[in-house]
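Participant: Have a look at this one before I ask anything.
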Amino acid sequence: MDITQFPQLNPPQRLLMGPGPINADPRVLRAMSSQLIGQYDPAMTHYMNEVMALYRGVFRTENRWTLLVDGTSRAGIEAILTSAIRPGDKVLVPVFGRFGHLLCEIARRCRAEVHTIEVPWGQVFTPDAIEDAIKRVRPRLLLTVQGDTSTTMLQPLDQLGEICRRYGVLFYTDATASLGGNPLETDAWGLDAVSAGMQKCLGGPSGTSPITLSPAMEEVIRRRKCVEAGIRTDAHQDGDDEMIYSNYFDLGMIMDYWGPERLNHHTEATSALFAARECARLILQEGLDNGIARHKLHGDALLKGVRAMGLETFGDLTHKMNNVLGVVIPQSVNGDQVRALMLDDFGIEIGTSFGPLHGKVWRIGTMGYNARKACVMTTLSALESVLNHLKFTTPQGAGLQAAWDHYGSQA
Ligand SMILES: *Cc1c(COP(=O)(O)O)cnc(C)c1O
């Protein structure tokens, strides 16, 4: 093999302004380049405990079981669903975008009886609509998405925990795209399980999924627990419910690895854990509420700038996530050509859309390390140039001025 055909890695410099992934904070990249240590080194288990404590702060919870599942965000989703759903369980999924469909698919693989309610893309559910469906279906679990990046909508969750408690329903949300950029109160909102991912507002690389489990959810999972032969002499299935079909996603085993037992399961993804630790440290150092306000500030500046250019936005703006904006692609331009010019000539990535929005909407993100003024101004300026180049005329400088005005600057 001619190894010279494989030069040293040198990825292009990009400004990632799509719906995720985003550029990682340089401090996170530095943390990831730290040397590896053994998985039972007291320094490593100390870092694992620190990560649990830090993510309790990020999730706003007292839950003991707040840890990382190794794998991208859907590893966290799959670990929770696989561990909590018993074959035949009824689950209810309010679907308002692509990621609601993903929850249905994973729940079906867990052999749940899946019930859905749907609203058109660009809308969210009222608590009443969800309560009515709970009364009708009587599910064991309510599976929700908080921020569905496919539509840019944020489902209000604050009243659902109370409803779930009244009907004895376990309450889960996928907060991958929303956590850190929009309010999420795990304990105050009565959530039994939440999963997230690093590559959105948390500002890190994909590859690890922070999750948190309430004591009630822990009990459900412990009832299905299995212990691997060769790890403990009394290896057996010690739960009374049917065994979780996955070894990798068996949260009972993962808890025994993160807990004081330190029973061997997988080898914790050390570099990814270093990154996740630094992300949480940066978020809590800034202050979670300050970070959410920052996402709102830059999301709103982008929105004003886009509108001043004469572009339309997608969806019900009263329920828009702070960190991602849907922009309707004007009839006269080719959406993919705009994205290609943004990438090739400006080094800026913006997002396309899936399903019913494909070819109709761009998605522009302002999240994590890229929820910054310079990123918003650079993106608006490039978008204006590209649109005018393609003969979609915008009032010159209007987008930048509107964003500047939003920031309160007189420049
Ligand atoms: C982006 C996103 C994911 C991503 O999952 P990965 O496995 O990290 O690619 C999951 N859920 C939601 C709501 C998202 O927005």
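Participant: Note the angle between two axes, namely the Cα long axis of helix 270-286 and the longest principal axis of the Cα atoms of the chain, as a number of degrees from 0 to 90, rounded to the nearest 10.
Facilitator: 60
Participant: What ranking of LEU29, LEU273 emerges when the number of other C-beta atoms within 10 Å of each C-beta is taken as an exposure proxy, fewest first? Let's see the in-between values first.
Facilitator: On the way: LEU29 14, LEU273 22.
The most exposed by this proxy come first: LEU29, LEU273.
Participant: Any chance you could count the Lys pairs in the chain whose alpha carbons are under 14 Å apart, treating pairs 8 or more apart or on different chains as valid?
Facilitator: Values: LYS90/LYS135; LYS296/LYS304; LYS296/LYS320; LYS296/LYS373; LYS304/LYS320; LYS304/LYS373.
Within the chain, the lysine pair count is 6.
Participant: Right, another one. Counting only C-alpha contacts under 8 Å and six or more residues apart, can you give the relative contact order of the chain as a whole percent? Can you show the working numbers first?
Facilitator: Working: 814 pairs, mean separation 88.5, N = 411.
Reported relative contact order: 22 percent.
Participant: Can I ask one more? Taking neighbour counts of Cβ atoms within 10 Å as a proxy for exposure, in what order, fewest first, do SER178, SER353, SER206, SER34 appear? Please list the in-between numbers first.
Facilitator: Details: SER178 29, SER353 24, SER206 19, SER34 12.
In order of increasing Cβ crowding within 10 Å: SER34, SER206, SER353, SER178.
Participant: Sticking with this one: Once Lys and Arg get +1 and Asp and Glu get -1 on their Cβ, which of LEU202, SER73, PHE346 lies farthest toward the positive end of the dipole of the chain?
Facilitator: Farthest towards the positive end: PHE346.
Participant: Next up: Hey, fewest Cβ within 10 Å first, where do VAL333, VAL95, VAL28 land in order?
Facilitator: VAL333, VAL95, VAL28
Participant: Still on this model: Sort all Cα-Cα distances of segment 288-409 into consecutive 5 angstrom bins from zero, then give the percent of pairs in each bin up to the one containing the longest distance.
Facilitator: Per 5 Å bin, starting at zero, the Cα-Cα P(r) for segment 288-409 comes out as 2, 12, 22, 26, 22, 11, 4, 1, 0 percent.
Participant: How fast does segment 165-321 diffuse by Stokes-Einstein, in µm²/s, taking the Kirkwood radius from C-alpha pairs at 4 °C and 1.567 mPa s?
Facilitator: Values: Rh = 18.5 Å.
The calculation lands on 70 µm²/s.
Participant: Tilt of helix 127-137 relative to the longest C-alpha principal axis of the chain, in degrees (0 to 90, nearest 10)?
Facilitator: 40
Participant: State to the nearest 20 debye the size of the charge dipole of segment 8-117 about its Cα centre, where the only charges are +1 on K and R beta carbons and -1 on D and E beta carbons. Could the numbers behind the result be given before it?
Facilitator: Details: 13 positive and 9 negative charges, 55 e Å.
Computed charge dipole of segment 8-117: roughly 260 debye.
Participant: What's the FRET efficiency of LYS135 with ILE3 using the Cβ-Cβ distance as r and R₀ = 51 Å, to the nearest 0.05? Kindly include the intermediate steps, with their values, before the conclusion.
Facilitator: Numbers: r = 65 Å, r/R0 = 1.27.
The pair LYS135/ILE3 has a calculated efficiency of 0.20.
Participant: Here's a follow-up. Limiting things to C-alpha atoms, what are the Rg and the maximum Cα-Cα separation (Dmax) for the chain, in angstroms?
Facilitator: 22.3, 74
Here, each number is a calculation from the coordinates, and none is a lab measurement. Everything numeric in this text was worked out from a predicted model, so none of it was measured. Backbone-built Cβ (ideal geometry, glycine too); neighbour counts: all protein chains shown.
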